[in-house]
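Please treat every number below as a calculation from the coordinates, not as lab data. From a predicted model like this one, the values you see are computed outputs, not experimental measurements. All Cβ positions, even for glycine, are placed from backbone atoms using ideal geometry, and neighbour counts span all protein chains on display.
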Amino acid sequence: MNGQTFGKRVTGLRVVSVDGRPINASQATIRNFLKIADIFPFAPMVVGEESTSIAYVVPTFLVALICMLMTKRFQRVGDLAAGTMVIVNERRWYPKRVVLDDSRIPSLCELIPATFRMSPSLAKTVAMFVQRRSSMTPVKREEMASWLAEPLIARFKMMPDTSRDLLLCALFYRDFLKDGALKDFKR
């Protein structure tokens, strides 16, 4: 089930090996058998009056808590023994539709090398910038865009006075809007 129980799937979590590969059957078995170790120590709990009292034993999960706090990946005993960890599953992300009305953007796209591909994190950052740029002043726009665009201008060997804001818009246009339709982000 791709390292997911129903509960993990609902919460967007998944179990993987510490090297990032999917878990195998032996890892899943070790992990599940050692769930018992996580619930210790038990705390006694008495309910009712002395003559009719009922004693319950309540798990404290103290071993799991201490183990998770002492490991940098927040692994419990079962994870350490099986060589696994729980990760947050990235959800698919789709950019929102934006209107780019500057006529210089398509021509700036021509200056971006055809072989250049944005990483998923850069594409998401560029898209988020372009979606929010209309709420920024032109000065703030250039300031924010310079963080991303400066290295790209040097990499693409563009003129130093190239608008950082328009370069990010051109990247967005090329990867998401070219041909008039908003493309899916499937990287």
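How many nm is it between the label spots at L13 and R155, if each spot is 7 Å from the Cα in line with the beta carbon?
Between L13 and R155, the label points sit 3.5 nm apart.
With a ≥ b ≥ c the root eigenvalues of the C-alpha gyration tensor of the chain, is it rounded (a/c under 1.5), prolate (a/b larger than b/c) or oblate?
Verdict is prolate for the chain.
Could you state the angle between the C-alpha long axis of helix 120-132 and the longest principal axis of the C-alpha atoms of the chain, as a value from 0 to 90 degrees rounded to the nearest 10?
Taking the Cα atoms of the chain, the angle to 120-132 is about 70 degrees.
Taking neighbour Cβ counts within 10 Å as the exposure measure, how do R104, R76, R164 sort from fewest upward?
On the way: R104 11, R76 23, R164 19.
Going from least to most buried by this count: R104, R164, R76.
With charges only on Cβ, +1 for K and R and -1 for D and E, what is the dipole size of the chain about its Cα centre, in debye, rounded to 20? It would help to have the intermediate numbers written out before the result.
Values: 28 positive and 17 negative charges, 122 e Å.
About 580 debye.
Would you work out if region 104-180 is rounded, prolate or oblate? Take a ≥ b ≥ c from the square roots of the eigenvalues of the alpha-carbon gyration tensor; rounded if a/c is under 1.5, else prolate when a/b is larger than b/c, oblate otherwise.
Because its axes are fairly even, with a/c under 1.5, region 104-180 counts as rounded.
Calculate the FRET efficiency for S135 and A114 from the Cβ-Cβ distance with a Förster distance of 45 Å, rounded to the nearest 0.05. Walk me through the intermediate numbers first.
Details: r = 32 Å, r/R0 = 0.71.
My answer for the efficiency is 0.90.
In the chain, with Lys and Arg counted as +1 and Asp and Glu as -1 at Cβ, which of these residues, I30, T11, S107, has the Cα nearest the positive end of the dipole, that is, farthest along it?
Highest projection toward the positive end goes to S107.
Return the distance in nm (one decimal) between the two label points of a simple spin-label model at K72 and R104, each offset 7 Å from Cα along Cα→Cβ.
Placing both labels 7 Å along Cα→Cβ, they lie 4.5 nm apart.
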